[in-house]
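Reading through the structure tokens given below for one structure.
The values are calculated or read from the model by the stated rules, or taken from the named source; none is laboratory data. The structure displayed is predicted, hence computed values, not measured ones. Glycine also receives a Cβ, built like all others from the backbone with ideal geometry; neighbour counts cover every protein chain displayed. Side chains are part of the model used for accessible areas, which takes the heavy atoms of the whole protein and leaves out ligands, DNA and RNA. Shrake-Rupley method; radii C 1.70, N 1.55, O 1.52, S 1.80 Å.
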Amino acid sequence: MLVPLYEAVYDRLEVGPATSVLGLGCRSGLALLLAAARGAEVAGLEPEAELRELAQDRSLRVLADVYREVAPPRGAAHTLVTAFEHLSCTADPPALVRDAARLTTRGGHVALATWGPEERCESAAVLDVAQRLADPRGSAPYAPFALSAPGALESLIDRAGLRPAGGGRVCCPYAYPDLDTALRGIMSTGVFDPAVDFSGERQVAKEITETLFPWVRPDGSVRMENVFRYVLAERVR
């Protein structure tokens, strides 16, 4: 679903054989595969064991979420460090951006991405299910739009000592061939796991299905238009 986002960042930074890419929270490694197809050297960090194994099955170098494992003893090794999806899920975004800066070579770039404005994302109602059905007494609920406000990503960049280097918005439709596939795909993201644990899989599936009905097309497919935002930053010291 996020291929347009990945490609927009890679095009903007002219990712190629001279680029060393590190993906933070790279999931099953699709963004890394696209960078490798451009000739870049790639590596990733993924805390979820199942997703990490999928990436490794694709012959990608993906390690657990331990930053020292991918940094050489004398400093950073990567000309581009990305946080395409992990930024919206981590409990400490400022720490993630600081780590991204530390793992970037001087003159290299950090790319951060998040959901665009909530009113521009048709998947917002679906994501709301993850918040409403999770245990309110548990850890902080998934908040996909917490960093969508103007200036939020720029503030993280500034606090990490990075220099702004542009950005943009990208249309990333979430499209599925039918309602059942949409439900399986959405529930497989991990975002809804706390809601399932608290409210039960049946209830979560029921409410997701109900929120998807407005986006079912006459041919039975499901399509939701979403906007994602990315910012680029350069490490200057």
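Couple of notes before you dig in:
- Gaussian network model of the chain, springs between alpha carbon atoms under 10 Å - residue of G138, G44, G167 with greatest fluctuation: G138
- Solvent-accessible surface of the stretch 192-232, averaged per residue with a 1.4 angstrom probe and all protein chains in place: 53 square angstrom.
- Fluctuation leader among F84, F192, F213 - the chain, Gaussian network, Cα springs under 10 angstrom: F213
- Ranked by the mean number of other Cβ atoms within 10 Å of their residues, highest first, the peptides 157-164, 97-104, 225-232 fall in the order 97-104, 225-232, 157-164.
- Counting Cα-Cα pairs of the stretch 189-231 in 10 Å increments starting at 0 gives whole-percent bin shares of 22, 38, 32, 8.
- With all protein chains in place and a 1.4 Å probe, the accessible surface of the stretch 87-215 carries 52 percent carbon and sulfur.
- Relative contact order for the stretch 88-237, counting Cα pairs under 8 Å that sit 6 or more residues apart, in percent: 42
- GNM top mover of V204, V110, V62 - the chain, alpha-carbon springs below 10 Å: V204
- Remark: the chain carries a charge dipole of roughly 940 debye about the Cα centre, counting +1 on each Lys and Arg Cβ and -1 on each Asp and Glu Cβ.
- Considering only A91, G44, Y174, and ranking their Cα positions along the charge dipole of the stretch 28-185 that arises from unit charges at the beta-carbon of Lys, Arg, Asp and Glu, the one farthest toward the positive end is G44.
- Point-charge dipole on Cβ atoms (K/R +1, D/E -1) for the stretch 107-237, about Cα centre, debye to 20: 520
- For R12, neighbours were defined as the other residues whose beta-carbon sits under 15 Å from its Cβ, and their charges (Lys and Arg +1, Asp and Glu -1) total -1.
- Net charge over other residues, Cβ less than 14 angstrom from the Cβ of L162 (K, R count +1; D, E count -1): +3
- Taking 0.36 nm per residue of sequence separation and removing the Cα-Cα distance, the A152/D193 pair yields an extension gain of 12.1 nm.
- With all protein chains modelled, accessible area of D11 [1.4 Å, Å²]: 90
- Prolate/oblate/rounded label for the stretch 1-45 (Cα gyration tensor, a/c 1.5): oblate
- Whether the chain is rounded, prolate or oblate, judged on the alpha carbon gyration tensor where a/c under 1.5 counts as rounded: prolate
- DSSP finds beta bridges in the chain, and of those with both partners inside it, around 55 percent are antiparallel.
- Probe 1.4 Å - accessible area at H109, Å² to nearest ten: 40
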